[in-house]
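Remarks on the structure that follows.
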Amino acid sequence: MSIYDKVGSTYDSMRSNIGIKDILNVVDILGKEIKVLDLGCGTGHPIAKVVSPIVKEYIGVDKSQPMLDAYSKNVKDGEYMLLNMTDIGQIPGKWEFIFSWGAICHLPIKQQKKVMKHVSKLLKPEGRFLFTGGKEIDECTGKIGEYTVNHYSIGEKAYKEFLSELNMDLISASFSEGNNYVYVFKKKKICT
Ligand SMILES: C[S@@+](CC[C@H](N)C(=O)[O-])C[C@H]1O[C@@H](n2cnc3c(N)ncnc32)[C@H](O)[C@@H]1O
């Protein structure tokens, strides 16, 4: 059982509104006729609640059933998948916007890279990939209520290089609300 299986719906009382602004900034750029994948969507509070009703398609992906149980209550008519994000290669279709707020950073680097390879394949040309992660190379712990969680980062330079090899260009990387370091990448428009 993962920590998030134990946290479940109690997560909402610990979660502020941080993140909505950064996600909506990208939606503003792409327009609302977009398909959005939310990796590690948690309970859907507050991001999916606000963003899913205003875009064409929105799917939350999480590996914790208790978090998704809360998601289904929080997000009216919300679509979600019980899936480890390392396995998103099995999701069909192409997506304009894929993001992971406070989630991909929990994965060890090898797994983060596996997810990012899938993201590159799932993104449409000029689609965006946003995630929160460390600015520097780091391995540290954080707290979710009484529980300790791990965070892993290869740092900005290495994320930029790795994702460039996957045809994604770094658009911005900066500290945002709640001291989150927010990366936004854009999938290259490939000429054929
Ligand atoms: C800190 S919570 C963030 C939830 C949500 N993104 C938010 O902004 O509130 C991290 C979430 O990532 C999920 N998660 C962690 N590792 C995962 C993985 N490998 N695949 C899918 N979900 C994962 C956890 O179950 C949890 O719901």
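The values are calculated or read from the model by the stated rules, or taken from the named source; none is laboratory data. Since we're looking at a predicted model, the values are computed, not measured. Cβ coordinates were reconstructed from backbone atoms using ideal geometry, including for glycine residues, and neighbour counts include every protein chain displayed.
Evaluate segment 165-173: report whether one residue or more is under 20 Å from residue 25 (Cα atoms), in contact with a strand residue (DSSP E or B) (Cβ under 8 Å, 6 or more places away or on another chain) and of a type in the set (Asp, Glu). Yes, because at least one residue in segment 165-173 is under 20 Å from residue 25 (Cα atoms), in contact with a strand residue (DSSP E or B) (Cβ under 8 Å, 6 or more places away or on another chain) and of a type in the set (Asp, Glu).
Inside segment 24-49, residues that are within 25 Å of residue 187 (Cα to Cα), more than 9 Å from the ligand (Cβ to nearest atom) and in a helix (DSSP H, G or I) make up a count of 7.
As a summary of the residue check, residue 59 satisfies the conditions (1) buried (at least 23 other Cβ atoms within 10 Å of the Cβ); (2) more than 19 Å from residue 14 (Cβ to Cβ) except for the one numbered (1). When segment 173-191 is filtered for residues that are assigned to a loop (DSSP other than H, G, I, E, B) and either farther than 20 Å from residue 122 by Cα or at pLDDT 95 or above (or both), the ones remaining, listed by number, are 176, 180, 188.
Within segment 148-171, being more than 11 Å from residue 183 (Cα to Cα), β-branched (Val, Ile, Thr) and at pLDDT 95 or above holds for one residue alone: 154. When residues in segment 67-97 are screened for being touching a residue at least 60 places away in the same chain (Cβ under 8 Å) and more than 24 Å from residue 5 (Cβ to Cβ), 3 of them pass. Residues of segment 1-20 that are over 19 Å from residue 107 (Cα atoms) and exposed (fewer than 15 other Cβ atoms within 10 Å of the Cβ): 10, 13, 14, 16, 17.
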